[in-house]
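Here is the structure we will look at.
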Amino acid sequence: MDDFILADHPFFSARSQAEAELSLEMLEDGVVMLSATGVVLHLTTEAERQLGIGADVARGRQLSDLAVRCQGWDSLLDVVAKGQSTDCMLRRVDGRDILAAPRAAPGASAPAAAQIIVLRDLAGLDYRRERASRQAKSLRTVFIAENRTRPDFVEQRRLAPELDRVLSRGERAMLQGARILITGESGVGKTEVAKFLHSTVADADAPFVVANCALSGDAQFARAMFGAPAAGGQQRFVGLIEQSEGGTLFLDEVAEIPLTAQALLLRFLEDGIVNNPDGGEQRVVNVRVIAATNRDLRQMVREGRFRADLYYRLAVVPLRVPPLRDMPALIDHLTGRFLQTINHRRQASLFVPRRVREMLGDYSFPGNIRELLNIVQKLSIFLEEADDLAELMADLLAPIDIPGIDAATGGQGAEPYDLRSEVRRYERTLIDQAIRLHGSKRKAANALGVDIGTIVRKTAEPTAETSTATTAKTYSGEPNT
């Protein structure tokens, strides 16, 4: 094996090679050290994590002999073999991008006496940059914690035309200054959609202020929205409406505004005027308004629980975000995005087996994106110690049944989400698709390889329609999605 003593490098002033290797661990990027002939001399712990291969396995072998599962690996091998210092992009199987930068030893003549490859995790770099930016300026967002993995709506729009239509309509509405009401089941990402729409028309420093309308009664709501007068020598409390001036006020859970407090909000939406709590003159506040709810506001209007005039002020452009089960192409994409965040906190990267991804793709996710995040988080804990993969997934894909909170169905007629009902729903979907494709039940039976009696029986069985499977789930302690 070619030898290259790290301790000889003046940067380290190390008394032994082990001490020098330990010094390399101070670097946040991964480092691969090679001899002149391409033999791996050393991998740092971060390089092991990024490449998914152990240092003990790699050390002493040719770089080209390593079984690294990354797109772009062959291009990197070619660059290293030529002794070039050309950056290469690697993409791992979990979708994480790695910038690989081969470099020859400084001052070395060709061929170089040694080379290093610096590996930079771009997702981790983006996270650190975002975190540093957030620390550099005060957060304008109220009552919300920022997620570390923000949605990639460019890719999501490409994968899900249904979502693209929603976002396109929202963009047009924002450009025209129309108010938007975002509806959809719990966990579909209404807050993230609102943030995206805000970003399409707002400057980088324009505030996006979230008012959680479910957290207060009449008096608290009025104080939070419109402010409070000065007391005890302190400055007056500035309300959320004034805080959002020049930006966007996001009314989350708008259906929960107390009925008597709805008149206060209506008055502001009609004239844009805010009264000074200290008794001073009124002032006009320029603010965009986006509201969101998982409730049926029209039904609440009919029942007298929500003002009709307020509904029409808020719902100039209604946007319904589809549930995750209607956009199955997003499941694998979102799984990869969540893994990026989780793997940033792990010493060894989590790789989700293809079979697990297939099982996730066949699941209906009544808790939508929030439930998928919860499942991926649990996978990061339990997957490595699981003896029976099927049993683990059966435990994870078992949604909580919380009765009495479905606003769309009133808690009536919704089939419980269990394994049998999921199988029936999946079978019925396949059968219905086959009937539409082939034109008759008999032809569908031939195409599916079953007898006509099975098709007749399966289509006669009661099953929950997709439109009724909209039970709103509440999961405590999960990030807002």
Discussion item. Treating only the Cβ of Lys, Arg, Asp and Glu as charged (+1, +1, -1, -1), what charge dipole size does region 138-320 show about its Cα centre? Round to the nearest 20 debye.
Written reply: 360
Item to complete: Would you mind checking region 177-191 for residues with the amide N under 20 Å from a putative spin-label position 7 Å along Cα→C-beta of Arg320?
Response: 179-191
Worksheet item: Rounded, prolate or oblate: which one fits region 328-396, using the alpha carbon gyration tensor with axes a ≥ b ≥ c (rounded when a/c is under 1.5, else prolate when a/b beats b/c, else oblate)?
Response: oblate
Practice prompt. Averaging over all projection directions, find the projected area of the Cα convex hull of region 165-211 and quote it in nm² with one decimal place.
Written response: 3.6
Practice prompt. Take region 138-320, compute every pairwise Cα distance, and split them into 5 Å bins from 0; I just need the percent in each bin.
Written response: 1, 8, 16, 21, 21, 16, 9, 5, 2, 1, 0, 0
Discussion item. Once R0 is set to 25 Å, what does the formula 1/(1 + (r/R0)^6) return for the Cβ-Cβ distance between Arg428 and Arg165, expressed as a FRET efficiency to the nearest 0.05?
Written reply: 0.45
Worksheet item: If you take the beta carbon distance between Ala206 and Asp332 as r and set R0 to 41 Å, what does 1/(1 + (r/R0)^6) give as a FRET efficiency, to the nearest 0.05?
Response: 0.75
Worksheet item: Calculated FRET efficiency, Leu266 and Val154, Cβ-Cβ r, R0 30 Å, to nearest 0.05?
Response: 0.25
Worksheet item: Full extension from Ser440 to Ala101: what is 0.36 nm times the residue separation minus their Cα-Cα distance, to one decimal in nm?
Response: 116.1 nm
Discussion item. Assuming 0.36 nm per residue, please report the length gained on full extension of the stretch Asp451 to Gln299 beyond their Cα-Cα distance.
Written reply: 50.3 nm
Worksheet, complete the sentence: The extension gain from Thr459 to Ala55, computed as 0.36 nm times the residue separation minus the Cα-Cα distance, is 139.8 nm
Worksheet item: Check Gly239: other-chain or 5+ apart residues with amide H under 5 Å from its amide H, H built from backbone geometry?
Response: Gly227, Ala228
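No value in this document is a laboratory result; all are computed from the given coordinates. Quantities reported herein were computed from a predicted structural model and do not represent experimental measurements. No Cβ is skipped: glycine too gets one built from the backbone with ideal geometry, and neighbour counts run over all protein chains shown.
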